[in-house]
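*Asks:* Shown below is the structure under consideration.
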Amino acid sequence: MEKVTININGADYSAEVEPRLLLVHFIRENANLTGTHVGCDTTSCGACTILLDGKPVKSCTMFAVQANGKHLTTVEGLAQNGKLSPVQEGFHEKHGLQCGFCTPGMMLTSVAFLKKNPNPTEGEIRWAISGNLCRCTGYVNIVEAVKYAAEKMKESNQ
Amino acid sequence: MAEAMGFGHAVKRKEDARFLRGRGNYIEDIKLPGMLWLDIVRSPFAHAKIKSINKEKALATPGVAAVITGADLVPYKLEWMPTLMSDKQMVLPVDTVMYYAQEVAAVIATSRYAAADGVAAVEVDYEPLTPVLDPIKALEPGAPVIRFDRPEKTNRIWHWEVGDKAAVERELKNAAVTVAQDIYIPRIHVASIETCGCVADWDPVEGHLTLYMTTQAPHAIRTVVALVTGHLGLAEHKIRVISPDIGGGFGGKVPVYPGYVLATAASVLTGKPVKWIEDRSENLQADSFARDYHIHGELAATKDGKITAMKMGVVADHGAFDAAANPSKFPAGLFSIATGSYDFQKAFAQVDGVYTNKPPGGIAYRCSFRVTEAVHAIERMVDVLAHKLNMDPAELRAKNFIRPEQFPYKSALGWEYDSGNYQGALDKAKQIIGYDALRQEQKAKRARGELMGIGISTFTEIVGAGPSHTFDILGIKMFDSAEIRIHPTGKVIARFGTKSQGQGHETTYAQIIAEELGIPEEDIAVEEGDTDTAPYGLGTYASRSTPTAGAAAAIASRKIRDKSRKIAAHLLEAREDDLAWEKGKFFVKGAPDRAKTIQEIAFAAYTNHPLGMEAGLEAVDYYDPPNLTFPFGAYICVMDIDRGTGQVKIRRFVAVDDCGTIINPMIVDGQIAGGLTMGMAPALMEEIVYDDNGVNLTGSFSDYLLPDFERERRGVVVGRADNGWCAGIQREKTDERMCARAIRLSALHPLSAIYHAQRCGRF
């Protein structure tokens, strides 16, 4: 067993864990943050995407011990002071979600992408999010949601 | 106060609030004190004898509490379970495995990881048998019969047919033009991003079972569990099925999988809650498939292209057990809609269900029962005929469409179509996409040796099952239900027998009640999925929820309005006849200032109701639709194909859908966009593939390719058909034919259009 301390959304979570414990299971079961989902186990679907020190990673393909001492952001950390982030707002306004299962991973990938590229084209959005799968929406409204968020972020920066 | 929006408004979804914050409550999020984990040992062979199972090492694995095999279930008569189609299915095999990845044993342990360790430690000794994989060969004389348990010594499960075979044969013999074509719709998988699972919680003191479960039909499950376990002492009033938030269903969460039964048995065995969550490979390899129809189609026509007869023969691969989810009287679902949008009176269709050594299934994947199969069959045949006649496929369709004045139209195979404007839909699609110019461009490109395809699909669906005289599941009529309670402060709780899986029921149903009662959507809470609280219903699949439970909401609302009128008359000291209703209030005719709002009436229903009247303001309705509804549409796809690489680029896709009365245009558009992508997938990339030994080669998302952002088609224009084309609900009339058709529109129409485009590109 290994002792790990991982900071998630600003709070430290410490536990004795097996070295083989996947990060996503640490998040869901040790930290009790169930917004991060498991969809495929093969790094294909991206439902488990979280931000690790700001970078999007698929938390089903990383061990909890590898994240020891790191800072994570999960979907529970997106809204600030009860206010939805621009990406969350975009998904709501543009009907970018249906069953909601892929949504947390989709939004975290979008957040990291828009930080790097605040002024994206549609093609860049599609490329950036092509590691996340959605079965309900056909992606049309997800692209619209990301565009909405980009606009919203530009407005608030002005 | 917020305003009641009602129909036709793009009301933002109520359910989004929790999903956007990671506060959804999906099956894997449910944790109970002392909960154990269940994992499953699966067969590496498609067909094999089990010589022995050794549990010893597994039981010695740290954390493992128990191992369950088929033999362990025999004393409880639980090694088999009934299916919805009057067949039975193994929960665990006692001595023979029937398909690759079939459940062979269950391991129960204190953690997910310990259970997986236990699975790895179970030793099973198999003697491989030759698998039967080809359903057509399975029907040949002398083919090995795989279902040893049945008295019938054949792999044919059933034969179903409809229509006038002799008349069709005569017509095919005498017609000026005939075409014949084999069409295979591959085995595919719904692959919802959330897999299946459950938490079974048995209370030995109370003899009570709570089953949290990824199910699209919680009440039906409760009744099935009661019927299957009655001999063990479970009774329906002590079974509570809770279907929490569902991460996509698409028909894949209708069937009962062995894992659910095993978790329940394990909870009874251990006295603790037991969780089972399948992984993606288990989901793709063992859960219910869709399609897998081997179709042979024939059409007869006149020289100028008037279709005179249709014949369809299907061999349906059902896998090792018939565990499809069709209404009882329809083993081949509603395949008899295969006459499509066309006017001819001689038709015959037959389907043979066949056992093979593959997983069971045959679910209604993002469509009504086998309707996608029927649509693709007729649309493909019409294109084959157009090719033979060297006629524009749009022109051939136009020549054969049922005309608007022919409705209600009795189809050759017995359905009464309610309404349609097929030519109108096709014209609209052609106009949006610029059909004539595209044909010219195609001609020019072909002259240069370039490949460009234009594919058309003009479909008629059959949804909203269904009228109780024809439709039942295990004898339970296919009504659906709504229960509406208005609280004293005018706020509402409404509960339904259906179960949303992303369709947005919480919003759509609130809009129906808002439309009928004038109460703002934000004051209406919608609940589904808990059998202890929701009225009995048959669940959500086959595009049925809004036409059945949505209609029930409208009618329950009208019952509430009837009582409200009496209360308003009492409060206003007026005669009931002198009152008029305007969204949200009753007023005295000619004196609009003398009015009582629905909220004031609700308060009075608990504080100041007339003497002799029951207190309260609530109603329940179990809605039995008089007919199905028959939505239609026209899809056109344009693609370029690279002659060197075969790469397909979809340039544009136009979908015109008859949506009936549109309740929420935002949700309708979202459903269409999702259906288009799902329809594109089997045309271009998705298929479950087996090797010669029956081993599934597409058991992960690395092999079973889902469309992603990059592969998704571009440049889609969604044009909605006119509401006026729908003969369904007249909102202010008490006509009870709720015709909101557009929840989870069929996925395969795009397949036909894309497939046709590919074909057109090649030839």
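Please treat every number below as a calculation from the coordinates, not as lab data. Computed from a predicted model, the values in this text were never measured in an experiment. Note that each Cβ is placed from the backbone with ideal geometry, even for glycine, and that neighbours are counted across all protein chains shown.
*Asks:* Using a simple spin-label model with points 7 Å from Cα along the Cα→Cβ vector, what separation in nm is obtained for B:D203 and B:K649?
*Replies:* Using points 7 Å along Cα→Cβ, the separation is 6.3 nm.
*Asks:* Suppose we keep just the alpha-carbon trace of the range B:591-641; what are its Rg and Dmax in angstrom?
*Replies:* Rg then Dmax for the range B:591-641, in Å: 24.3, 76.
*Asks:* Taking 1 over the mean of 1/r across every pair of different Cα atoms in chain B, what Kirkwood radius in Å do you get?
*Replies:* Numbers: mean 1/r = 0.0363 Å⁻¹.
Answer for chain B: a Kirkwood hydrodynamic radius of 27.5 Å.
*Asks:* Among the listed pairs B:K253/B:K477; B:K358/B:K499; B:K31/B:K253; A:K115/B:K649; B:K253/B:K311, which are separated by more than 27 Å between their Cα atoms? Write down the numbers at each step before the final one.
*Replies:* Details: B:K253/B:K477 20 Å; B:K358/B:K499 29 Å; B:K31/B:K253 21 Å; A:K115/B:K649 31 Å; B:K253/B:K311 33 Å.
From the list (B:K253/B:K477; B:K358/B:K499; B:K31/B:K253; A:K115/B:K649; B:K253/B:K311), the Cα-Cα distance tops 27 Å for B:K358/B:K499; A:K115/B:K649; B:K253/B:K311.
*Asks:* Taking each pair of distinct Cα atoms in the range B:3-105 once, what is the resulting Kirkwood hydrodynamic radius in Å? Could the numbers behind the result be given before it?
*Replies:* Numbers: mean 1/r = 0.0556 Å⁻¹.
For the range B:3-105, the Kirkwood estimate is 18.0 Å.
*Asks:* Let me confirm one metric for peptide B:698-705, namely the mean number of other chain beta-carbon atoms within 10 Å of its residues' beta-carbons. Write out the running numbers ahead of the final one.
*Replies:* On the way: counts 0, 1, 5, 8, 4, 2, 2, 2.
Across B:698-705, the average partner-chain Cβ count within 10 Å equals 3.
*Asks:* So what's the net charge close to B:F587: Lys and Arg +1, Asp and Glu -1, counting the other residues with Cβ under 14 Å from its Cβ? Walk me through the intermediate numbers first.
*Replies:* Numbers: positive: B:R561, B:R565, B:R575, B:K583, B:K585, B:K589, B:R594, B:K596; negative: B:E573, B:E576, B:D577, B:D578, B:E582, B:D593, B:E600.
Net of charged neighbours comes to +1.
*Asks:* Now, a different point. Would you mind ranking B:L538, B:L234 so that the residue whose beta carbon has the fewest other beta carbons within 10 Å leads the list? Before the final figure, lay out each step's value.
*Replies:* Working: B:L538 28, B:L234 20.
Going from sparsest to densest Cβ surroundings: B:L234, B:L538.
*Asks:* Here is the link list: B:K303/B:K445; A:K116/A:K152; A:K58/B:K14; B:K238/B:K329; B:K566/B:K589. Which ones come out longer than 23 Å on Cα distance?
*Replies:* On the way: B:K303/B:K445 29 Å; A:K116/A:K152 15 Å; A:K58/B:K14 29 Å; B:K238/B:K329 30 Å; B:K566/B:K589 15 Å.
Over 23 Å Cα-Cα: B:K303/B:K445; A:K58/B:K14; B:K238/B:K329.
*Asks:* Okay, next question. Return the Rg/Rh value of the range B:401-445, two decimal places, where both radii are evaluated on C-alpha atoms and Rh is the Kirkwood radius. Don't skip to the end; give the middle numbers.
*Replies:* Working: Rg = 15.4 Å, Rh = 12.5 Å.
Rounded to two decimals, Rg/Rh equals 1.23.
*Asks:* Measuring from centroid to centroid over Cα atoms, what is the spacing of the range B:46-115 and the range B:386-421 in Å?
*Replies:* After rounding, the separation between the Cα centres reads 51 Å.
*Asks:* Which of A:G90, A:G77, A:G105 moves the most in a Gaussian network model of chain A with Cα springs under 10 Å?
*Replies:* A:G77
*Asks:* So how far apart, in nm, are the two label points at A:K147 and A:N68 if each is 7 Å from Cα heading toward Cβ?
*Replies:* It is 4.7 nm.
*Asks:* Show me the trypsin sites (Lys or Arg not before Pro) within the range B:604-659 that DSSP assigns to loop and that have at most 16 other Cβ atoms within 10 Å of their Cβ.
*Replies:* Working: sites: B:R643, B:K649, B:R651, B:R652; in loops: B:R643.
Hits after loop and neighbour filter: B:R643.
*Asks:* I've got another one for you. For every helix of n ≥ 4 consecutive DSSP H residues, a contribution of -39,500 (n - 2.57) applies; sum these over the protein assembly as shown, divide by its total residues, and give [θ] at 222 nm rounded to the nearest 500 deg cm²/dmol. Provide the component values of the computation, followed by the final result.
*Replies:* Values: 22 runs with 248 residues, N = 921.
Taking each H run of at least 4 residues, the total per residue is -8000 deg cm²/dmol.
*Asks:* Rounded to whole Å, give me the distance from the Cα center of the range A:101-158 to that of the range A:3-81.
*Replies:* Each part's Cα centre sits 21 Å from the other's.
*Asks:* Rank by packing, highest mean first: peptides B:401-412, B:609-620, B:503-514, A:33-44, with packing defined as the count of other Cβ atoms within 10 Å averaged across residues. Let's see the in-between values first.
*Replies:* Working: B:401-412: 16.2, B:609-620: 14.1, B:503-514: 26.9, A:33-44: 23.2.
For the peptides B:401-412, B:609-620, B:503-514, A:33-44, the packing ranking is B:503-514, A:33-44, B:401-412, B:609-620.
*Asks:* By the gyration tensor of its Cα atoms, with a ≥ b ≥ c the square roots of the eigenvalues, what is the shape of the protein assembly as shown: rounded for a/c under 1.5, prolate for a/b over b/c, or oblate? Each step should come with its number before you reach the end.
*Replies:* Working: a/c = 1.26, a/b = 1.03, b/c = 1.23.
Since a/c stays below 1.5, the shape of the protein assembly as shown is classed as rounded.
*Asks:* Send over the per residue convex hull volume for the range A:59-158, Cα only, as a whole number of Å³.
*Replies:* That works out to 120 Å³ per residue.
*Asks:* What net charge is computed for the residues neighbouring B:I524, neighbours being all others with C-beta under 10 Å from the C-beta of B:I524, Lys and Arg scored +1, Asp and Glu -1?
*Replies:* -2
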